[in-house]
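The values are calculated or read from the model by the stated rules, or taken from the named source; none is laboratory data. These figures come from a predicted structure and were not determined experimentally. In this analysis, Cβ positions are derived from the backbone assuming ideal geometry, glycine residues included, and neighbour counts consider all displayed protein chains.
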Amino acid sequence: MDLLTLKTWTPEEILATVEEGLEVKAHPRRYGEALKGQTLAMLFQKTSTRTRCAFEVGMTQLGGHAIYLDWRSTNFLLADLKDEAQVLSRYADGIMARMLKHEDLRQLAAGAEVPLINGCCDRYHPCQALGDLMTVWEIQGKLDGAHLVYVGIRNNVCNSLIAACTKVGVRITAVTPEVNGPSEDAELVAEARSTGLFEETLDLNGAIRDADFLYTDTWVDMEFFLDPEQEAEKERRVQVFTPYQINAKVLRRTRALVMHCLPAHKGYEVTAEVMASPRCVAVDQAENRLHVQKAVLMRLLGNE
Ligand code: CP
């Protein structure tokens, strides 16, 4: 079993994993030998704080071990992805990969002989969405009936939230004026619409009226700050998305808690004031990545 996208996971698999994450958080010592002697290979084409640390610490806490592989220091750079993934499978019990392109992740999956976990690609971020569902469940005491409003650019995080929420009874409203090119997924949108739990609107005030959670993610890429040629695109995005910024004025119109997958670009999609407010649960979301990813590892690498 792999975790490339939650689109292929059943509601039961998603619910059981989130529930297991809550159990692991409550009783971490019970799982100290769950993956004793096992190794997770972690391949990164992009930088990471949460995903890397949560998987590495998670493996240690489960009695196993993780190897960090920076893409640029491996021969994945030179070789056929499928071949390298097959070889890696002969050393490790599981592979977690953060790839730029979902298509490359599928190439890895074609060669891998052990479970493969998507640590974020251009289309999906399933581990983030599982941690987010766990946070919603922890706060609300249940998932069913919760209402999450996602505001900003339609991206990998938003896609995984749409897949996850609509499978487990969480209403999700997307206030997304634009889709980030590679994240376009008509099949996902059609399936989500068919559940009756997915809505799209550009009326932020209307959407947040009965929201329990108000979620945003960055719409400025790191390159916008490093590459002078990206200045025009950065300015365009600022024009398009600033009206959807989560700030104190927006918070006054809703009782919703604020969620963010981090890292946040304060002053752009969200203000520093909102991130520092007691209504922001972003750090709890980040912590829950550890617990839920341990649940994912046990489900995929465990012997049960
Ligand atoms: N949210 C998230 O995946 O964080 P990192 O990019 O730091 O892993």
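So that you can scan it fast, the table gives a plain yes or no per residue for (1) part of a strand (DSSP E or B); (2) under 17 Å from the mean Cα position of the chain (by Cα); (3) of a type outside the set (D, E, K, R):
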position: Met1; (1), (2), (3): no, no, yes
position: Ile14; (1), (2), (3): no, yes, yes
position: Glu20; (1), (2), (3): no, no, no
position: Val24; (1), (2), (3): no, no, yes
position: Arg29; (1), (2), (3): no, no, no
position: Glu33; (1), (2), (3): no, no, no
position: Gly37; (1), (2), (3): no, no, yes
position: Leu43; (1), (2), (3): yes, yes, yes
position: Lys46; (1), (2), (3): no, yes, no
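Considering every residue within the range 280-297, establish whether at least one is surrounded by fewer than 21 Cβ atoms within 10 Å (Cβ to Cβ), more than 16 Å from the ligand (Cβ to nearest atom) and either aliphatic (A, V, I, L, M) or not in a helix (DSSP H, G or I) (or both). So far as the range 280-297 goes, no, none of its residues is surrounded by fewer than 21 Cβ atoms within 10 Å (Cβ to Cβ), more than 16 Å from the ligand (Cβ to nearest atom) and either aliphatic (A, V, I, L, M) or not in a helix (DSSP H, G or I) (or both).
Whenever a residue of the range 109-120 is more than 16 Å from Arg299 (Cα to Cα), it has no partner that is part of a strand (DSSP E or B) and at pLDDT below 95 lying with C-beta atoms less than 7 angstrom away and at least six residues away or across chains. Here is the figure for the range 85-121: residues that are part of a loop (DSSP other than H, G, I, E, B) and either of a type outside the set (A, V, I, L, M) or within 16 Å of the ligand (Cβ to nearest atom) (or both) total 9.
Cβ-Cβ contacts under 7 Å between residues 6 or more apart (or on different chains), taken from a first residue in the range 39-50 that is in contact (Cβ under 8 Å) with a residue 12 or more places away in the chain and near the ligand (Cβ under 7 Å from one of its atoms) to a second residue that is of a type outside the set (A, V, I, L, M, F, W, C) and in a strand (DSSP E or B), are listed as Ser48/Arg98.
The numbered conditions (1) assigned to a helix (DSSP H, G or I); (2) more than 16 Å from the ligand (Cβ to nearest atom) are all true for Gly63 except (1). For Glu199, the test of being assigned to a strand (DSSP E or B), under 19 Å from Ala164 (Cα atoms) and more than 18 Å from the chain's Cα centre (by Cα) is passed. Selection of the range 122-172 for residues being of a type outside the set (A, V, I, L, M, F, W, C), in a loop (DSSP other than H, G, I, E, B) and surrounded by fewer than 24 Cβ atoms within 10 Å (Cβ to Cβ) yields Asp122, Arg123, Gly141, Lys142, Asp144, Gly145, Gly169. Scanning the range 220-235 for residues that are out of contact with any Asp or Glu (no Cβ under 6 Å at 6 or more places or on another chain) and either surrounded by 13 or more Cβ atoms within 10 Å (Cβ to Cβ) or modelled with pLDDT of 95 or more (or both) gives Val220, Asp221, Met222, Phe224, Glu233, Lys234.
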